[in-house]
Amino acid sequence: MKKSVVGTSMALVLATGLLAGCGGNKDNNTANESPTNSSSPSASASSSASAGGDNAGGKDISGSITVLTQRTDIVDTLQGEFTAEFNKAYPNIKVKWEAVQDYENNIKVRMNTEDYGDVLLIPNNVEPKDYPNFFEPLGDYEADKDKYSQIDAHRYEGKYYGIPMAINTLGIVYNKKVFADAGIATVPKTPAEFIEAMRKIKDNTDAIPLYTNYKDDWTLSQWADYLQPASGDPNYPNIGFLEDPHPWQKGKPYYDIFKIMYDVAKEGLIEEDPTTTDWESSKGMINRGEIGTMVLGSWAIAQMQGAGDHPDDIGYMPFPTNAAKLSAPLSADYNWAINVHSKNKEAANAFIHWVVDESNYADKYQGGFSAKLPLVVPELLKGFQDLGVTMEVSTPGPDDLNGINVAIDNDSEVGIHNPDFKKRIIEAAIGNSKESYDDIMNDLDKRWNASWETLIPEKYKK
């Protein structure tokens, strides 16, 4: 069964039926030839460590590298069969995989030393000016921007420092049987329809309507990435959001996103005791029909399908929005990077490019698109496109806004990708604090605006 191939433009439009079925339209597939496989190696890597798939010189590259991963659940598989495949191309490179618990927090601590592996995943909130202090450049951005999707996210002074390990989209994982048992005839597409669907699950089934995974922190932080679905506009996340001095006010996308979180918690449509949630257990629970929905990126689909005997019950639906357009971003997952202190940069560079260019890592293990252009649509997202969703890359912001969101976030201590204010929202909703939802949003907006006024370039102050 041949997969549909999408063009090399920075927009991937998957209107209903455009690439439905097996293989798609042959003319569309051949109209967008794959770009050249060669890529600029890292600054200290030999030119024989090609970014392409010809593996010329592969037997000449040697070294031992440690690869850090957040995938504690599959580290043994990666160390075994996946590394064995890599060694067919690079037999003289020894790979040791190291799974890092609570990756986001622990890797930041390790980056205060020089001991953070040879290959790692770039954590959130590292400012572009700091990339050269921690990571080896992978190449020239202008030379490679048409070879890999979204390498603009980790660029600085003409170089790029990361390649996405997968390109995912954003929506909601749901159990189709639970929806049917609850009497939900059509997938909800607006916040009001979604809340009503959650009520039906509570009233008509024994399933938890929406599982927050509150205790694991990072799962709550996933919600912050849904700016494009909430706005229906691919220009909003990197441009419109940053041009707005008050992006947390009522009627704005962030307000609407977290109002859904607040409302489901306030109506008792989440776990009875959020403090006792468990991420690994939740996979089997949704597979068995004990959970109705979970707000997670498309990377989670394969994990939920593989967590039990009912993979066909797992579906993926758009995040509810009042926008006229159902727009889901093609968002980069964590980015592969090379530790600037690595003693085996050539081997690390060869590993990263083999994983992205040649392996099935993105599809098989992350449930997404490989970052290598042109993008190839994974089978597990065909049902998502049939719901009328347009998946497209968020428009990159101008150079003078590159990194501004991280700078404002750090300065304001809002913590867009931290769990703190999400937990405040749930605590307020279930009555554990006296704050109202608007109290929390107004606090975030006030702090954000103060830093925005200081850090945003003057020309954006309208």
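Things to note:
- Between residue 316 and 174, the built amide H atoms are under 5 Å apart, and every one of these is 5 or more places off in sequence or on another chain.
- Projecting label points 7 angstrom from Cα along Cα→Cβ for residue 273 and residue 460 puts them 4.5 nm apart.
- Whole-number percent relative contact order across segment 264-315, with pairs defined as alpha carbons under 8 Å at least 6 apart: 31
- Across the chain, Cα pairs under 8 Å and at least six residues apart give a relative contact order of 25 percent.
- From helices alone, the chain scores -8500 deg cm²/dmol at 222 nm; the rule is -39500 (n - 2.57) for each run of n ≥ 4 DSSP H residues, then divide by the residue total.
- Other-chain or far-sequence residues with amide H under 5 Å of residue 139's (modelled H): 160
- Per-residue HN-Hα couplings for segment 245-261 [Karplus 6.51, -1.76, 1.60; θ = phi - 60°; Hz; x = Gly/Pro]: x, 9, x, 9, 7, 4, x, 8, x, 5, 4, 5, 4, 7, 5, 4, 4
- Straightening the chain between residue 124 and residue 85 buys 11.1 nm, computed as 0.36 nm per residue apart minus the Cα-Cα spacing.
- DSSP beta bridge pairing in the chain, given as percent antiparallel to the nearest 5: 65
- Counting Cα-Cα pairs of segment 109-246 in 10 Å increments starting at 0 gives whole-percent bin shares of 9, 26, 29, 19, 14, 3.
- Counting only protein heavy atoms and a 1.4 Å probe, the chain has 40 square angstrom of accessible area per residue.
- Computed FRET value (nearest 0.05) for residue 133 with residue 105, which takes r as the C-beta separation and R₀ as 25 Å: 0.80
- Across the cross-link table entries 88/345; 259/283; 88/364; 215/382; 200/283; 147/382, which are compared at the Cα atoms, the separations over 30 Å belong to 215/382.
- Pairwise centroid distance, computed over Cα atoms, of segment 342-366 with segment 60-86, Å: 9
- Taking a ≥ b ≥ c as the square roots of the eigenvalues of the alpha carbon gyration tensor, segment 367-456 is oblate, as a/c is not under 1.5 and a/b does not beat b/c.
- Simple Cβ-charge dipole of the chain, Lys/Arg +1 and Asp/Glu -1, about Cα centre, in debye nearest 20: 620
- Residues residue 75 and residue 203, FRET efficiency given R0 of 35 Å [Cβ-Cβ distance, rounded to 0.05]: 0.25
- Across the accessible surface of the chain, with the other protein chains kept in place and a 1.4 Å probe, carbon and sulfur atoms take up 46 percent.
- Cα-based shape type of segment 220-363, given that a ≥ b ≥ c are square roots of the gyration tensor eigenvalues and the cut on a/c is 1.5: oblate
- Crossing angle, helix 191-204 versus the chain [Cα axis fit, 0-90 degrees, rounded to tens]: 70
- Centroid-to-centroid, using Cα positions, segment 143-162 and segment 261-323 are 33 Å apart.
- Principal-axis tilt of helix 437-455 within the chain, Cα atoms, nearest 10 degrees: 40
- Cα gyration tensor shape for segment 90-157, rounded if a/c is under 1.5, else prolate or oblate: oblate
- Along the chain, counting only GluC sites (Glu not before Pro) with a DSSP assignment other than H, G, I, E or B and at most 16 other Cβ atoms inside a 10 Å radius, the longest segment between sites is 273-412.
- From phi via Karplus (6.51, -1.76, 1.60), per-residue ³J(HN,Hα) for segment 267-274 in Hz, x at Gly/Pro: 8, x, 9, 10, 4, 5, 10, x
- Helix 345-357 axis, angle to the chain major axis (alpha carbon atoms, nearest 10°): 60
The values are calculated or read from the model by the stated rules, or taken from the named source; none is laboratory data. Because the structure is a prediction, the values reported are computed rather than measured. Note that we place each Cβ from the backbone using ideal geometry, even for glycine, and neighbour counts take in every protein chain shown. Protein only, heavy atoms only, side chains kept; ligands, DNA and RNA dropped before computing areas. Shrake-Rupley method; radii C 1.70, N 1.55, O 1.52, S 1.80 Å.
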